[in-house]
Amino acid sequence: MTRDQQRAQHAYARVAEVPRDERADYEVFVKDLGACLLRSGLAVAICTLEREHAAGRRAAGTLLGHLATASIPGLAGTDSRTLGAQVRQLELAAYLLASRETLRVATWLKRAVEAPPTGG
C-alpha cells in the first residue's frame, strides 16, 4: 500500500468515526486546516485547534486526535493533548517535513468530509 493510500484509508476511517453532533464543526475545521497550514504554518494551525478545543469545541479536539494518529513523521506517538507540544519542539528539517505531511493528511481529510463513503 502506498503512503497516499494509507493517508486516504486513515482519513475515511477517522471521518466515519466523527459523532453526528460534531460533524458540522469538524467539517469547518478540516476545510480550514489546509489554508491555515499554508497561510500561517503548522505550529499556528495546531495552536488554533488547541485554542478552539479549550474553548469547548469538541470537534477541534477530535481533529487534533486524528492528526496525531496519522503517522506523520516526527509526530508519531502523540495524542490530541501532546501533538502541539511535539510540533513546537521539532527541529527545522523535521518541522518542514511534518508540515508537508500534515498538509497531505489535511487534503485527504477534506476529501473524506466532502465525499463520505456510501453509508457514512
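Where a number appears in this text, it was derived from the coordinates with a stated rule and is not lab data. Bear in mind that the values here come from a model prediction, so they are computed numbers and not experimental data. Quick reminder, even Gly has a Cβ in these numbers, built from the backbone with ideal geometry, and neighbours come from all protein chains shown.
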### Coil-residue trypsin sites (Lys or Arg not before Pro) of the range 56-110, DSSP, other Cβ within 10 Å capped at 15
ARG81
### Query
Percent relative contact order of the chain, based on C-alpha pairs within less than 8 angstrom and at least six residues apart?
35 percent
### Query
Taking only DSSP H segments of four or more residues, each worth -39500 (n - 2.57), what value at 222 nm results for the chain once the sum is divided by all its residues, to the nearest 500 deg cm²/dmol?
-23500 deg cm²/dmol
